[in-house]
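Q: Handing you a structure now.
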Amino acid sequence: MVRKLLCRLLQAESDFTVIGEAVNGAQALLKAQELQPDVILLDISLPDIDGLTMAEKLKGVVPAAEILVVSDYNVGEIEEAFGVGVRGYLLKSDLATELVTAVRTVYKKERYLSVKLRRK
C-alpha cells in the first residue's frame, strides 16, 4: 500500500517520472541496475532483506542514485542509514506532506530529514 501511495503522490508532479517499482529487495536491485534512477525511495522494512543492507547494495549497483529511506521512527536506524550513504530519511507518517520536498531535496544531493525528526 505504501508503494502505491508513493507512486500516486509522485506521479501528480509534472516534473517527476516514476520509472519503476519493486516488491522486494531482489527485484529492486535488478530494476535499479536496469533503469539507473536518479532517486530511489526505499522502504526500510523489506520482506527479504534488511533495508540498510539493501541501501548499501543499491549504492553498489547505482552509485549515482540518491536514496530516500521511507520508514517508521527508529533513532539508531537514522544514523546508520546516513552512514551507509542514504541521502534522506522520511517518516511514513509524513509522506503526504513531505514526500515531494524530500525527493527534490535528495535529488539536489542535499540531506533530508523529516520535520518531526528535526525537532527532536
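Q: Filter the range 29-63 for residues that are of a type outside the set (D, E, K, R), touching an Asp or Glu at 6+ places or on another chain (Cβ under 8 Å) and at pLDDT 95 or above and give the result.
A: Hits for the range 29-63 are Val39, Ile40.
Q: So, one more: Being closer than 23 Å to Ser114 by Cα and more than 14 Å from the chain's Cα centre (by Cα) is the requirement here; does Gly76 meet it?
A: So Gly76 fits the description; yes.
Q: Can you find, within the range 1-51, the residue that is farthest from Lys92 (Cα to Cα) among those that are in a helix (DSSP H, G or I) and touching a Gly at 6+ places or on another chain (Cβ under 6 Å)?
A: The qualifying residue farthest from Lys92 (Cα to Cα) is Leu35.
Q: Check whether at least one residue in the range 52-59 is acidic (Asp, Glu) and part of a loop (DSSP other than H, G, I, E, B), and report yes or no.
A: Within the range 52-59 (the criterion being acidic (Asp, Glu) and part of a loop (DSSP other than H, G, I, E, B)), the answer is no, since none of the residues qualifies.
Q: Need the failing condition index for Asp94 against (1) modelled with pLDDT under 95; (2) crowded, with 20+ Cβ neighbours inside 10 Å, just the number.
A: (2)
Q: Hey, another quick one. Residues Arg3, Arg8: which one is over 17 Å from Val106 (Cβ atoms), of a type in the set (D, E, K, R) and touching a residue at least 24 places away in the same chain (Cβ under 8 Å)?
A: Arg3
Q: Out of (1) of a type outside the set (S, T, N, Q); (2) surrounded by fewer than 18 Cβ atoms within 10 Å (Cβ to Cβ); (3) out of contact with any Lys or Arg (no Cβ under 9 Å at 6 or more places or on another chain), what's the single condition that is false for Ala102?
A: Ala102 satisfies all of (1) of a type outside the set (S, T, N, Q); (2) surrounded by fewer than 18 Cβ atoms within 10 Å (Cβ to Cβ); (3) out of contact with any Lys or Arg (no Cβ under 9 Å at 6 or more places or on another chain) except (2).
Q: Here are some residues: Ala102, Ala81, Ala96. Which one is under 15 Å from Ala55 (Cβ atoms) and in a helix (DSSP H, G or I)?
A: Ala81
Q: Still on this structure, I have one more. Quick one: what pairs do we get from the range 52-67, first residue among the basic types (Lys, Arg), second not in a helix (DSSP H, G or I), C-beta under 8 Å, 6+ apart or different chains?
A: Within 8 Å, the pairs are Lys57/Ile49; Lys59/Ala65; Lys59/Ile67; Lys59/Val84; Lys59/Gly85.
Q: What's the number of the only condition in (1) farther than 23 Å from Cys7 by Cα; (2) of a type in the set (A, V, I, L, M); (3) not in a helix (DSSP H, G or I) that Val69 fails to meet?
A: Here Val69 meets the rest and fails (1).
The values are calculated or read from the model by the stated rules, or taken from the named source; none is laboratory data. Note that the coordinates shown come from a computational prediction; the quantities given were computed from them, not determined experimentally. Here Cβ is always computed from backbone atoms with ideal geometry, including for glycine, and neighbour counts include all displayed protein chains.
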